[in-house]
1. Can you give me the number of residues within the range 623-651 that are near ligand 2 (Cβ under 10 Å from one of its atoms) and in contact with a Leu (Cβ under 7 Å, 6 or more places away or on another chain)?
2. Would you pick out the residues in the range 183-206 that are within 16 Å of ligand 2 (Cβ to nearest atom), among the basic types (Lys, Arg) and not in a helix (DSSP H, G or I)?
3. Specify the residue that is modelled with the lowest pLDDT; the eligible residues are those in the range 552-573 that are more than 16 Å from ligand 3 (Cβ to nearest atom) and of a type in the set (D, E, K, R).
4. Can you pull out the strands (runs of 3 or more DSSP E) entirely within the range 118-180 that have at least 3 residues that are in contact (Cβ under 8 Å) with a residue 12 or more places away in the chain, closer than 29 Å to Ala278 by Cβ and within 16 Å of ligand 2 (Cβ to nearest atom)?
5. On the basis of being at pLDDT below 95 and out of contact with any Leu (no Cβ under 7 Å at 6 or more places or on another chain), does Glu364 make the cut?
6. Out of curiosity, is Phe53 within 15 Å of ligand 2 (Cβ to nearest atom), touching a strand residue (DSSP E or B) at 6+ places or on another chain (Cβ under 7 Å) and of a type in the set (Phe, Trp, Tyr)?
7. So how many residues does the range 433-466 have that are in a loop (DSSP other than H, G, I, E, B) and hydroxyl-bearing (Ser, Thr, Tyr)?
8. Hey, among Gly318, Gly324, Gly346, Gly300, which residue is modelled with pLDDT of 95 or more and within 30 Å of Gln663 (Cβ to Cβ)?
Amino acid sequence: MRDETSFCRICNAMCGIVVTVDDEQRVQRVRGDDAHPLSRGYTCPKGRAIGTFHHDPRRLDRPEIRGEVVGWDHALDDIAALVRATIEANGPDSIGMYLASGSAFDTNGRRAAERFLRMLGSAQKYTAATIDTPSKPLVAELVGGWSGLTPVWDHERSSLFLLVGSNPLVSHGHSNAMPDPIVRLREHKARGGELWVIDPRRTETARLADRHLAPVPSTDHLVLAHLVREILRDGADHSYLEDHVDPAALRVLTQTVEPCTREMVAAASTVDAEDLDALVDAVRRAGRVSALTGTGVSMGKHANITEWMLWALHIVTGSYDRPGGMWFNPGYLLQLDTREWTASDGLPGPGPASRPLLPRRFDEYPCAGVVPEIEAGNLRVLFVVGGNPICALPGEERLRAALASLDALIVLDVVRTDTTELATHILPAAGQLERADLPWLLDAYQLAVATQYTPAVVPLGAERRAMWHTFASLGERLGVEVLPRSMSLADATDETLLEQITSRSRGGVAEVFAARSGTVHSGAVFGWVHERVLDHGRWRIAPAPLVEQFTAALAEHHERPDSTSLRLIPQRQLRKMNSQLRDIGDRTDQVLVHAHPQAVGELIDGDTVVVESPFGSAIGVLHTDASLAPRAVSIPHGWHTTNVCALTDTDAEVDPYSGMVWQSGIPVTVRRA
Ligand SMILES: Nc1nc2c(c(=O)[nH]1)N[C@H]1C(S)=C(S)[C@@H](COP(=O)(O)OP(=O)(O)OC[C@H]3O[C@@H](n4cnc5c(=O)[nH]c(N)nc54)[C@H](O)[C@@H]3O)O[C@H]1N2
Ligand SMILES: Nc1nc2c(c(=O)[nH]1)N[C@H]1C(S)=C(S)[C@@H](COP(=O)(O)OP(=O)(O)OC[C@H]3O[C@@H](n4cnc5c(=O)[nH]c(N)nc54)[C@H](O)[C@@H]3O)O[C@H]1N2
Ligand code: SF4
Ligand SMILES: [Mo]
């Protein structure tokens, strides 16, 4: 038996773990690492299940072509030949890639995959970011001038923490990593900080909060606009605004939120006017605010304007990049605070050939382009790199048909999934315990400027291979350079590749590699965004596209007020990560359609129900849940039996600025099957 210190690579929290491995290289136990400065010994049930997942009978061991086990050389030769022939006949854009959650923590693998696609000359890159939260980088780009600005809670100083559509007790944070969430939120309260939650469900986090407001789904933009309206009247940091906001833009913002009076917003959101007043008072009391949205906002129709109002609230209270509000983590490795920035004009590039109006941002196409591109015959070979699109992308039926029509669907995963079932080629990837890693990009979501390193905990099992090795081998066959110039496939290792990244970080290679329990360089840092990122130190507080979207949403609300229909909303579950880990143990009992008892009339718990949206239907088991607002129907995604992706469609209401498909707040009906 030996204990190996490592970190969990399932979610952004990246908790420190200690893995006990026996002499047969079997994982006996995973527990929290008490010495880790951010997770402090905490783990959740997913992290503790890493060992069970590692030894899961569904693990992928050998390459397969159309259901038949083959050797690696055979598989790689076959794929290389296919890719070469497809590019010769149709050009590089006939090869595409979907990179998702399962590869976000495989630093070497992810980089190699992206470089492989880029070196082929293909623009067909898709990531889970555009079915999760493109509104955040969009608003960051439009208001702050750079899409990479991710506000982080100043948890050591903040006096008001407001969560809008995020449930960190279960998710451990959206775009902010929050390990050990219960203790952390209690510490905030013990310091005298207030916690407010806006969520149509009385969530686990809401139960810990000082106050919980439960608006009708997708009305958050109105609640936040009301807040901005009132704070502009009394409570704004006017001297800050003079220095950091153009007065004409401030006038536009003021006019835009003017219609959001307490009576209008109370009626639209069903939040009591007194509760709205109390929220305004809380902001005035606190002076500066720390507020975050989550997927409850980012998947809805009003994602951009809700996020915008959240940014506006921070700016009018002088809360961004200043103590007690939100800071911007420059990253341990990235060191964003040492670079020079030129503010982006915020204009997107054109979409793929079949959907030129889809915005190309952040160097990728929105996922809404995947199905149309396949249907048009433009995209013929698709690599899926740590993703399960069948349970993640909108419009299950159309997606299935599209994936089945590809010349090749090449899936790199660690287990059998709904998507490997459709694959022509399956390539078994090294799991998290089988590779060395350090967090790349994701270090900018942490609550401190910090990093950590882990070597492989167990040797590669069966015939699995590191993803970087697979892409480098394909690159070698196709004559494209995947590894850094100085390295050959024969002498590259996990470590030499990581060393290359680390050589440009705050600490030296030795310091990072020694950080087995993580290392904190500093807590929150302030000022670099004002100094280096903002154009002349100013926020663009009223970007034209967002003003236009807000005004249009108000007009629609007045013309077609909706006060009856049930609305579909998303929800994470503690023991699985999207579709991952759902099948270990007996977890299928968690496939549920959650609805308020009043919303479903005669129907009772355990009834099999049909949920219908304008775009499709899904069958599930009803769980009546009085913690939900009466008009909210919550269906967690990631399940196959009740696949919520059957209720969405890739072409329905795609946001023109972010490319996000409408996934939350969709009207639905629920009836007995
Ligand atoms: N309707 C609706 N749709 C949604 C959502 C919703 O709430 N409602 N949520 C959206 C969100 S937020 C997201 S992020 C997406 C998620 O979309 P995806 O990221 O596509 O979904 P996952 O189920 O997380 O798939 C990750 C895959 O990676 C594999 N994997 C795990 N570890 C490794 C590894 O080390 N290497 C490799 N190569 N693979 C690995 C897993 O086995 C799994 O198959 O879905 C989105 N879709
Ligand atoms: N255990 C676990 N952790 C996870 C994941 C997982 O699947 N399981 N997935 C990971 C991923 S990929 C992501 S993106 C993050 C997401 O992290 P979060 O965004 O924190 O995700 P949720 O826990 O689903 O919280 C979303 C909340 O929004 C609420 N909501 C829904 N509609 C509305 C609305 O219209 N307005 C408001 N105000 N609220 C609304 C829901 O009731 C829910 O409580 O979690 C990550 N962590
Ligand atoms: S919260 Fe759970 S899944 Fe996320 S990193 Fe920590 S142990 Fe892993
Ligand atoms: Mo996500």
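The values are calculated or read from the model by the stated rules, or taken from the named source; none is laboratory data. The shown structure was predicted, so the numbers you read here are calculated from the model rather than taken from an experiment. Note that we place each Cβ from the backbone using ideal geometry, even for glycine, and neighbour counts take in every protein chain shown.
1. Going through the range 623-651, the residues near ligand 2 (Cβ under 10 Å from one of its atoms) turn out to be 627-629, 632, 634, 636-638.
Filter again for in contact with a Leu (Cβ under 7 Å, 6 or more places away or on another chain), leaving 634.
So the answer is 1.
2. So the first thing to find is which residues in the range 183-206 are within 16 Å of ligand 2 (Cβ to nearest atom), and the list is 184-185, 195-206.
After this cut, where a residue has to be among the basic types (Lys, Arg) as well, the list is 184, 201-202.
If the condition is that a residue be within 16 Å of ligand 2 (Cβ to nearest atom), among the basic types (Lys, Arg) and not in a helix (DSSP H, G or I), then Arg201, Arg202 are the ones that fit.
3. Residues of the range 552-573 that are more than 16 Å from ligand 3 (Cβ to nearest atom), as a first pass: 552-571.
Applying the additional criterion that residues be of a type in the set (D, E, K, R) yields 556, 559-560, 562, 567.
Values: Glu556: 90, Glu559: 84, Arg560: 81, Asp562: 76, Arg567: 95.
Checking each candidate, the answer is Asp562.
4. Working: elements: 125-127, 151-153, 160-164.
The qualifying strands (runs of 3 or more DSSP E) are 151-153, 160-164.
5. Values: at pLDDT below 95: no; out of contact with any Leu (no Cβ under 7 Å at 6 or more places or on another chain): yes.
No, not satisfied.
6. Values: within 15 Å of ligand 2 (Cβ to nearest atom): yes; touching a strand residue (DSSP E or B) at 6+ places or on another chain (Cβ under 7 Å): no; of a type in the set (Phe, Trp, Tyr): yes.
It is false that Phe53 is within 15 Å of ligand 2 (Cβ to nearest atom), touching a strand residue (DSSP E or B) at 6+ places or on another chain (Cβ under 7 Å) and of a type in the set (Phe, Trp, Tyr).
7. The initial filter retains those residues of the range 433-466 that are in a loop (DSSP other than H, G, I, E, B), namely 435-436, 438-441, 446-448, 452-453, 455-464, 466.
From the residues that got through so far, the ones that are hydroxyl-bearing (Ser, Thr, Tyr) too are 453.
Final tally of qualifying residues: 1.
8. Values: Gly318 fails: within 30 Å of Gln663 (Cβ to Cβ); Gly324 fails: within 30 Å of Gln663 (Cβ to Cβ); Gly346 fails: modelled with pLDDT of 95 or more.
Sole residue among the options that is modelled with pLDDT of 95 or more and within 30 Å of Gln663 (Cβ to Cβ): Gly300.
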